[in-house]
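Please treat every number below as a calculation from the coordinates, not as lab data. Being a predicted model, the structure only gives us computed values, none of them experimental. In this analysis, Cβ positions are derived from the backbone assuming ideal geometry, glycine residues included, and neighbour counts consider all displayed protein chains.
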Amino acid sequence: MRVLFTAAVSLIALAACQPGEPVAVAPTADEVAKISADLTAWFDAEYEEELQMSPIGLTFQGRKDQYDKLDDYSEAAIDKKLEWRRASVAEMKEKFDPAKLDAEARTSFDIWALSLDMEEKAAKFRRSPYVFVKDGPHVFLPNFVISFHAVSEKSDLDAYVSRIGEVGRVMDQAVELAKLAAAEGNRAPRFAYDQSIQEATNVITGAPFGAGKDSPIWADVKAEIKTLQDGGKLTAEEAKAVQDAAQAALVDKLKPAYERVVAWLKEDRPNTPELATGASALKDGVAFYDNALAQQTTTTLTANEIHDIGLKEVARIHAEMEKIKEQVGFTGTLVEFFDFMRTDKQFQLSNDDAGRAKYIKMSEDYLTAMEAKLPEYFGILPKADLVVKRVEAFREEPGGAQHYFPPTPDGSRPGVFYAHLSDMKSMPTYSLEAIAYHEGVPGHHMQIAIAQELTGIPKFRTQYGSTAYQEGWGLYSESLSKDMGFYVDPYSDFGRLGAEIWRAIRLVVDTGIHSKGWTEQQAVDYFLANGPTPRGAVESEVRRYIVWPGQATAYKIGMLKIQELRALAQQELGDKFTMGGFHDTVLGGGSLPLPVLEARVKRWIETVKAS
């Protein structure tokens with residue numbers, strides 16, 4: 001996935017002036033403009049240097065620099081990147097005085113410095129995160145070369161073949177990282193090992209590795225070759241040569257590396273906990289989880305505080321759900337209504353290709369209707385297209401959460417809303433509308449595409465991301481869509497509340513697992529008792545929280561902050577408040593840590609007041 005950077009908890013404070021110190025002469029407006037422009041140019045040069053360390057990042061941005069390479073996944077590379085960041089921040093502080101910057105440039109200054117703070121803290125726990133889990137490198141990299149390595153010329157095919165070999169190299173590095181973590185007693189639960197063994201096996205099953213239909217990468221290579229041949233860009237001789245080279249890379253480099261992944265996972269599997277445990281069981285697990293919460297939420301909220309917020313939100317949303325239950329005439333309890341929503345056939349599409357096609361068509365229809373309404377609530381609109389796709393078979397998971405991949409900054413590759421459709425019983429239609437708005441517009445696609453298309457700010461701010469901001473915006477978009485007149489069907493409106501309570505439950509369950517010693521079954525039981533999410537999706541979700549501590553808390557915390565800031569703006573501005581002005585302020589600065597976002601909105605409020 002593209003590299004996402006979350007800023008640390010708070011802004012860097014300026015040293016206060018002490019009595020007796022000389023009073024600094026305020027810089028002129030021209031001086032501020034000049035220094036701010038110089039800083040932006042300096043940032044762009046630094047970010048380009050950083051980007052050159054990530055061939056994957058370059059490809060995600062639609063560039064073909066280092067197109068035949070993949071990133072270095074070793075601990076040595078992590079150390080090298082950290083040293084680079086330290087030197088860069090030191091140089092920034094030496095060359096630029098934050099007191100002589102305009103507000104936008106000062107925001108950039110703080111975010112760049114806070115990225116170092118984040119990386120320094122994360123480095124202390126580099127062997128705590130699990131390697132071979134859902135969306136680990138063993139599934140991400142095949143998806144990356146298939147979905148994001150664009151082929152338009154023969155040289156792109158040659159680079160593709162090189163990258164197949166590079167996947168093998170990265171797998172060996174990933175195994176080394178997993179071994180280092182295991183040596184310190186940090187192992188993913190057994191279910192994650194079993195899932196990773198199956199997923200890795202899927203990648204090297206079929207031709208050219210053995211009998212059966214073409215494996216995913218092999219099928220894609222052949223399709224790319226045919227497209228170039230049909231377009232007259234590849235001769236028959238060239239086509240055979242590159243196909244032979246791809247086959248050799250798959251069989252001689254990628255396959256042995258994946259076999260080493262599977263072999264190590266099987267060898268280490270007896271050492272894994274059969275019953276899943278939370279982060280507190282890891283080495284320095286309590287501190288690791290506290291840091292994960294701080295980085296994911298960009299707040300100082302403790303695990304207990306987040307747990308309590310979740311409990312209160314669950315209770316509040318239950319009251320809203322009761323109203324809809326009464327509206328549709330259901331006479332049982334809310335828990336019985338949850339079961340009705342999970343199991344009633346009216347909310348399930350057929351578990352076949354026709355049902356899957358209908359799911360995608362329904363998603364597209366919701367998004368088309370939303371796009372027509374956006375200009376009433378937003379001034380800035382995305383230029384990049386959005387498509388809806390089924391997750392590739394080798395990484396598809398029954399009940400897996402839908403997700404989004406961003407477009408290239410120039411829009412040449414569209415944003416993608418991915419859906420896991422192998423088990424249609426886990427994809428009820430009543431939840432589809434809210435999901436479409438969250439993953440598409442006005443959610444992730446709109447926010448990320450707009451960020452990438454922004455001008456007048458350093459390029460790194462169009463690419464960096466804060467999880468609390470991004471996922472908070474996605475969840476806020478679900479609620480905003482209600483204000484915009486959508487969810488006409490009460491069952492879809494219940495689906496919206498189901499999606500919101502899902503994120504509130506996450507606050508309770510994530511902290512329960514990682515801070516309060518909850519078992520996997522306790523977490524599943526709490527989830528099922530308090531929300532309508534289908535059991536298959538619940539079980540998948542809980543396992544996601546177990547292997548990715550803290551991430552699930554970012555959604556609701558981010559949403560609450562954005563809602564809080566909108567309420568503040570409405571209260572302060574009265575008749576001067578506009579939805580478009582507020583939303584453009586939130587989206588117009590890139591993905592920001594929540595404290596930085598709050599400062600930005602408050603500056604906007606004061607500007608509007610003065611107008």
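For the reader, a short list of remarks on this structure follows.
- Per residue Cα convex hull volume in Å³ - calculated over region 72-225: 163 Å³
- Each distinct pair of alpha carbons in region 29-123 adds a 1/r term; the inverse of their mean, the Kirkwood radius, is 14.7 Å.
- Modelled FRET efficiency - R0 45 Å, THR205 with ASP575, Cβ distances, 0.05 increments: 0.10
- Rough spin-label spacing in nm, given labels placed 7 Å along Cα→Cβ, for ASP194 and LYS93: 5.0 nm
- When each full DSSP H helix of the chain is screened for a Cα extent of at least 27 Å along its own axis and an average Kyte-Doolittle hydropathy of at least -0.5, the helices passing are 29-51, 103-123, 154-183, 490-515, 554-573.
- Rounded Å value of the spacing that divides the Cα centres of region 250-279 and region 442-483: 36 Å
- Cα gyration tensor shape for region 432-554, rounded if a/c is under 1.5, else prolate or oblate: oblate
- Centroid-to-centroid separation of region 582-611 and region 322-375 [C-alpha atoms, Å]: 35 Å
- A P(r) calculated from all alpha carbon pairs of region 280-351, with 5 Å bins opening at zero, reads 3, 12, 15, 13, 11, 9, 11, 13, 9, 2, 0 percent.
- Whole-number Å³ per residue for the convex hull built on Cα positions in region 537-611: 105 Å³
- For the pair LYS124 and ASP44, label points projected 7 Å from Cα toward Cβ lie 3.8 nm apart.
- With a Förster radius of 25 Å applied to the beta-carbon distance between VAL335 and ALA393, the computed FRET efficiency rounds to 0.10.
- Across all Cα atoms of region 482-537, the radius of gyration (one decimal) and Dmax (whole number) stand at 13.5, 42 Å.
- Antiparallel DSSP beta bridges within the chain, as percent of all bridges there, nearest 5: 35 percent
- Entries in LYS69/LYS222; LYS373/LYS602; LYS64/LYS124; LYS323/LYS556; LYS64/LYS179; LYS459/LYS556 that, when Cα-Cα distance is taken, lie over 25 Å: LYS373/LYS602; LYS64/LYS124; LYS64/LYS179; LYS459/LYS556
- Set against the 2.2 N^0.38 Å expectation for a compact globular protein, region 137-274 has a Cα radius of gyration ratio of 1.17.
- For the chain, the Stokes-Einstein estimate of translational diffusion at 25 °C and a viscosity of 0.890 mPa s comes to 95 µm²/s, using the Kirkwood hydrodynamic radius over alpha-carbon pairs.
- What separates the Cα centres of region 137-208 and region 505-550 is a distance of 28 Å.
- Sparse packing (at most 16 other Cβ atoms within 10 Å of the Cβ) combined with a DSSP loop state is found for the following trypsin sites (Lys or Arg not before Pro) in region 108-141: LYS124, ARG126.
- Virtual spin-label span in nm between LEU275 and ASP344, 7 Å along Cα→Cβ: 3.8 nm
- Kirkwood hydrodynamic radius of region 429-497, from the reciprocal of the average inverse Cα-Cα distance over all distinct pairs: 12.7 Å.
- Estimated FRET transfer efficiency (LYS602, LYS373; beta-carbon r; R0 30 Å; 0.05): 0.60
- One chain, two ends: THR28 and LYS233. Fully extended at 0.36 nm per residue, the span grows by 68.0 nm beyond their Cα-Cα distance.
- Cubic angstrom per residue, convex hull over Cα atoms of region 287-559: 133 Å³
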